[in-house]
1. I want to check the label-to-label distance for A:SER188 and A:ARG221. Put each point 7 Å from Cα in the C-beta direction and report it in nm to one decimal.
2. Between A:ASP99 and A:GLU436, what is the FRET efficiency for a Förster distance of 51 Å, r being their Cβ-Cβ separation, to the nearest 0.05?
3. Measuring from label point to label point, each 7 Å out along Cα→Cβ, what is the A:PHE252 to A:ASN361 span in nm?
4. Using unit Cβ charges (K, R positive; D, E negative) and no other charged atoms, how large, in debye to the nearest 20, is the dipole of chain A about its Cα centre?
5. Along the charge dipole of the stretch A:137-257, Cβ charges K/R +1 and D/E -1, which of A:TYR203, A:SER188, A:VAL172 sits furthest on the positive end?
6. Residues with beta-carbon under 11 Å from that of A:GLY338, excluding A:GLY338: net charge, scoring Lys, Arg +1 and Asp, Glu -1?
7. Which one of A:TYR86, A:VAL56, A:THR40 is farthest out on the positive end of the charge dipole of the stretch A:14-137, using unit charges on Cβ (Lys, Arg +1; Asp, Glu -1) and the Cα centre as origin?
8. Greater than 29 Å separation of Cα atoms is the criterion. Which listed pairs, A:LYS22/A:LYS88; A:LYS88/A:LYS152; A:LYS118/A:LYS155; A:LYS137/A:LYS186, meet it?
Amino acid sequence: MNPNELSEQEVIRRNSLEELRKLGIDPYPHEGWEINASSTEILANFNPELKNFQEVSIAGRIMSRRIMGSASFAEIQDQFGRIQIYIKRDDICPGENKDLYNTVFKKLLDIGDFVGIKGYVFVTQMGETSIHVQELKVLSKSVRVLPIVKEKDGKLFDAFTDPEQRYRQRYVDLIVNPSIKEVFIKRSKIVNTLRDFYNSKGYLEVETPILQPLPGGATARPFTTHHNALDIPLYLRIANELYLKRLIVGGFDGVYEFAKDFRNEGMDRTHNPEFTVMEIYVAYKDYNWMMDFTEEMLERVALALHNTTEVPLGDKIIDFKRPFKRITMVDAIKEHTGIDINGMDEAQLKDVCKKLHIEVNETMGKGKLIDEIFGEKCESHYIQPTFIMDYPIEMSPLCKKHRSNPELTERFELMVNGKELCNAYTELNDPIDQYERFKSQLELSEKGDDEAMFIDLDFVRALEYGMPPTSGMGMGIDRLAMIMTNQVSIQDVLFFPQMRPEKKAKREDDTEAFQAMGIPTEWIEVIQKMGHTAEGIKAISPGKLHNDLCGFKKKNKLEIASPTQDQVKAWLAS
RNA sequence: GACUCCGUAGCUCAGCUGGUAGAGCAAUUGACUCUUAAUCAAUGGGUCGAGGGUUCGAAUCCCUCCGGGGUCACCA
């Protein structure tokens, strides 16, 4: 069927628009509607003895209707929830004219329409708090049919669960699956809690460029774009680290940013091309201080959301109670493989990898090898929040060398549920060392590592002016939201996860081309309805086209003469 | 990228080893003044994701493509 054609129910709803207008009712009125109560507020606080809520005015979507002759029940859904309304014909139509009830409410309104109602709250014989409607107004008509989800005793019937439709049409998901809203309300609360925490310490929220001439601060493939006036390539940021540290150089002692980062890499349950990262940099601190800070921060978030440090996640409970376990990377590997890699060279590490059945290749240096061992054998074991400390220097070109071991850096990652949640350094502020590190990244890149960092000379210049000792930390907000709201997929904590665009139905108007082929006008119409193009139709066998056309005619009972097989052959031959 | 499963009415789903497309909700018409997955009666609604093949005959079997889910790989 032609996608531009309306379904039966859509036609009916569009007709209702006209019927409403004929009755002098604007289905899309301009003026607002005063709201003095919400569904949840009424349900929580109504008390028949107090006689409160006797003049309520609310607005929302009609989500169900039960019509019984001259009285009806319906459910109205507002921002917070649903409440039942009771409509009696003679109450909303006190005079002779019963159109508002008989025609407008019963026939022209549908599930999904917005209405405003005024009335008083009461409890029905079945014991449900409801609004007795005294005034009803159409606020906005819906001409597309919502999925109908019903619920009884907490059980859902015909739930709207198809992930593709839920993500592509999130608005529908939010309307019919109210629990989805909760996830995003919690996400907002997470961000607010973090922001309040940082502000209470006196740190400054800042904004830094998303369009960057050099994509720095992380190892990842960027999206590339182009600035026309400057005629230069620009990259969407993969991290904001280097800009925030420039601000520390500039004299701010604490800066943070909630940043959308963009990485042109694979997508799966935990990766979306654009995602949100919070990065914070604090002067005169080191990574030990940052571990304490991170613990306090996450404990606060857990308490703000759950009133306890224990957070359910799948079949596990994650406990964010301070302090978290701390272990060095070398000890973590020792713990899970029994092998002490301390002091090993590249060849020895490769042997270890072989013994552990970890694939290696020529481009891998010491750092990468250690990272592989950790990733394969250790990472997934850290379910409860655990700081993994002291990473190999090759993997951390922006991080200060360890104060007691020059092969390591003062870096930690916080593992939760077997995944990285935070990443933090004692920041490298030695400009000479930083330049050398950038240069060795260049060597890695020449060796074939396609995600080694670019040299950012302006950043080195900034460090040359002097940066105070600083510790910085980055945290994936999407991942934090997944943990705190018990979701397994990043798509469930993003309103609009990236999807392949929907295939557009081609609507080419090839009327002239069809005419040139000698096809009669009445059949051109049919061919277009069947979705054929002038080019495409030539690839169809004349026999099949003949059959299809005659079949279409029969099916739709068209009063036009069938073409002969030879005629069809002639059209296609031209 | 590999493997695997899925795509049937507005929605949720049946449809066996090929033989004229089914149900519930929603819709339409009617009944009904406290219902709540309201109920009762009647009615309409589908080129079964797209294209090709096998066959007298394909929603069903085969191939290609499109879209999506899951697992893995790559990637933080």
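1. 3.7 nm
2. The calculated FRET efficiency here is 0.05.
3. 4.0 nm
4. For chain A, the charge dipole is close to 2000 debye.
5. Positive-most Cα among the choices belongs to A:VAL172.
6. Values: positive: A:LYS334, A:LYS355, A:LYS377; negative: A:GLU335, A:ASP340.
Neighbour charge sum, excluding A:GLY338 itself: +1.
7. Working it through, the farthest residue towards the positive pole turns out to be A:TYR86.
8. Numbers: A:LYS22/A:LYS88 24 Å; A:LYS88/A:LYS152 25 Å; A:LYS118/A:LYS155 31 Å; A:LYS137/A:LYS186 33 Å.
Violating the 29 Å Cα-Cα cut-off are A:LYS118/A:LYS155; A:LYS137/A:LYS186.
Where a number appears in this text, it was derived from the coordinates with a stated rule and is not lab data. Everything numeric in this text was worked out from a predicted model, so none of it was measured. Cβ: placed from backbone, ideal geometry, glycine included. Neighbour counts: every protein chain shown.
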